[in-house]
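The values are calculated or read from the model by the stated rules, or taken from the named source; none is laboratory data. These numbers were taken from a predicted model, which means no experiment stands behind them. Every residue, glycine as well, gets a Cβ built from its backbone with ideal geometry; the counts of neighbours run over all protein chains shown.
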Amino acid sequence: MSDRAAAGLDRLWTSGNLVALARMLLAAALLVLAFLGMPRAVAAVLVISLACGIAGERLAAGGRLSRWSSWARLAGSACLPLAAFWLRPDLPHVEAVTFWSLVAAIAAPFAAGFIKFGAIAGPGARAAVIASYLAGGAVALVAAGGSMWPLRAATALLAAAALEEIAVMALLPRPMPEVTSLPAALRLRRDRPADLEE
């Protein structure tokens with residue numbers, strides 16, 4: 001194997017990429033288990049997926065951002081409403097506001113990032129990351145037959161975080177993973193406007 005190919009493989013098998021790959025595989029497993037109607041297994045996979053997500057965010061904070069981390073975040077987030085629907089088919093009817101708000105709060109930041117930057121945006125605002133973990137935990141609780149109140153609360157937090165994430169994207173000319181909140185984006189805009197030039 002040539003040195004160039006070996007270097008390419010070394011870059012492929014980084015810790016950030018491995019965690020992102022694990023998150024995508026867990027999202028696929030979550031969907032399969034939800035489709036098969038295995039709520040306890042779904043809850044267990046969601047807990048493992050949340051731990052992988054936290055590991056991925058720590059790696060990103062340490063500067064080891066994976067090129068796949070945005071796709072892993074999209075896969076992990078997008079599977080939540082579908083898994084909830086497969087486990088509780090009555091959810092879009094009985095809890096229509098909660099369910100469709102969850103779908104919109106997940107889809108809107110990804111759509112806004114794609115429209116603005118032409119790509120899936122980076123790790124996202126800190127509040128969006130925390131709210132998505134809470135939503136995942138709430139879906140795990142609902143999957144295990146628990147109360148709907150945690151999902152309602154997590155959906156409200158996720159909707160507020162989605163609005164913040166869209167506002168951050170509106171202020172930035174390009175994805176900037178180091179900007180993790182609206183106050184940070186406003187500070188950057190005020191203190192270092194040269195960093196925002198395209």
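Here are the numbers for this structure:
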item	result
Residues within region 24-79 that are in a loop (DSSP other than H, G, I, E, B) and at pLDDT 80 or above, tallied	3
Any hit, region 80-95, residues being under 26 Å from residue 182 (Cα atoms), free of Cβ contacts under 8 Å to residues at least 12 places away in the same chain, out of contact with any Lys or Arg (no Cβ under 8 Å at 6 or more places or on another chain) and surrounded by fewer than 21 Cβ atoms within 10 Å (Cβ to Cβ)	no
Those residues of region 109-125 which are surrounded by fewer than 17 Cβ atoms within 10 Å (Cβ to Cβ) and assigned to a helix (DSSP H, G or I), in sequence order	111, 114, 115, 116, 117
Of the criteria (1) over 20 Å from residue 126 (Cβ atoms); (2) more than 21 Å from the chain's Cα centre (by Cα); (3) surrounded by 15 or more Cβ atoms within 10 Å (Cβ to Cβ), which one residue 193 fails	(3)
Among the residues listed as 145, 136, the single one being in contact with a helix residue (DSSP H, G or I) (Cβ under 9 Å, 6 or more places away or on another chain) and surrounded by fewer than 18 Cβ atoms within 10 Å (Cβ to Cβ)	145
